[in-house]
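Q: The structure's right below; bear with me while I get my questions together.
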Amino acid sequence: MQSGCQVSECDVKPRFEQIGYAICPLRQLSQRMPNYRTLKVWQHAQRLALECAKAAKRFPPEDCNVLKAQLLRACYSVPLNIAEGSGRKGAREFRRFLDTARGSLAETQTALELAKEQGFIEPTEYERLEAIATETAKTLWGLLRKISDSAVYPAP
């Protein structure tokens, strides 16, 4: 029996649960969250943040500093919240940070759209970044669903 989480693209064995593409024994999910670096969602979010930062550097200096700063804050927030949540104790806290990451991802997508509409990024660059953001959103949603199944909320 394995004691830690492993990244795997192969079939999942019945006694294991697939969480954001990190494979962990079911009993471990409630005890500790997987290392964030093994999560596909973190990997996608990290890539998106780095690509958005590169795009923001090419914004014209005049009258777009506010949008540039907001885009950077939002895109950095996505992988940072995933990492922080995975370091917390329990699925409930992890879910809270994943929810925050999801909001930051929507904010990133909106900032990218505003940048495209104002001509700060080319339509082809926008489409490339939006594709990364969409993949991140899909993976994040899948992880949120899995974590929600394991999070136990106390009765009011």
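The values are calculated or read from the model by the stated rules, or taken from the named source; none is laboratory data. Bear in mind the structure is a predicted one, so any value in this text is a computation, not a measurement. Cβ coordinates were reconstructed from backbone atoms using ideal geometry, including for glycine residues, and neighbour counts include every protein chain displayed.
Q: Please identify the pairs in which a residue from region 92-120 that is farther than 18 Å from Lys138 by Cα has its Cβ atom under 6 Å from the Cβ atom of a residue that is modelled with pLDDT of 95 or more and part of a loop (DSSP other than H, G, I, E, B), counting only partners at least 6 apart or on another chain.
A: Once the first residue is farther than 18 Å from Lys138 by Cα and sits in region 92-120, its partners that are modelled with pLDDT of 95 or more and part of a loop (DSSP other than H, G, I, E, B) give Ala115/Ile121.
Q: Next question. May I ask you to list pairs of residues, at least six apart or on different chains, whose Cβ atoms are under 6 Å apart, with the first in region 75-89 being closer than 12 Å to His44 by Cα and the second being surrounded by 18 or more Cβ atoms within 10 Å (Cβ to Cβ) and hydroxyl-bearing (Ser, Thr, Tyr)?
A: That search, which allows pairs on different chains as well, returns Cys75/Thr108; Val78/Ser104; Ile82/Tyr36.
Q: Continuing with the same structure: Just give me the residues in region 38-50 being buried (at least 17 other Cβ atoms within 10 Å of the Cβ), touching a residue at least 40 places away in the same chain (Cβ under 8 Å) and assigned to a helix (DSSP H, G or I), in sequence order. Lay out the reasoning, then the answer.
A: Of all residues in region 38-50, those buried (at least 17 other Cβ atoms within 10 Å of the Cβ) come to 38-46, 48-49.
Then drop every residue that is not touching a residue at least 40 places away in the same chain (Cβ under 8 Å), which leaves 39-42, 44-45, 48.
Selection gives Lys40, Val41, Trp42, His44, Ala45, Leu48.
Q: Which one of the conditions (1) in contact with a Ser or Thr (Cβ under 8 Å, 6 or more places away or on another chain); (2) surrounded by fewer than 22 Cβ atoms within 10 Å (Cβ to Cβ); (3) at pLDDT 95 or above does Pro123 fail to meet, given that it meets all the rest?
A: Status for Pro123: all satisfied but (1).
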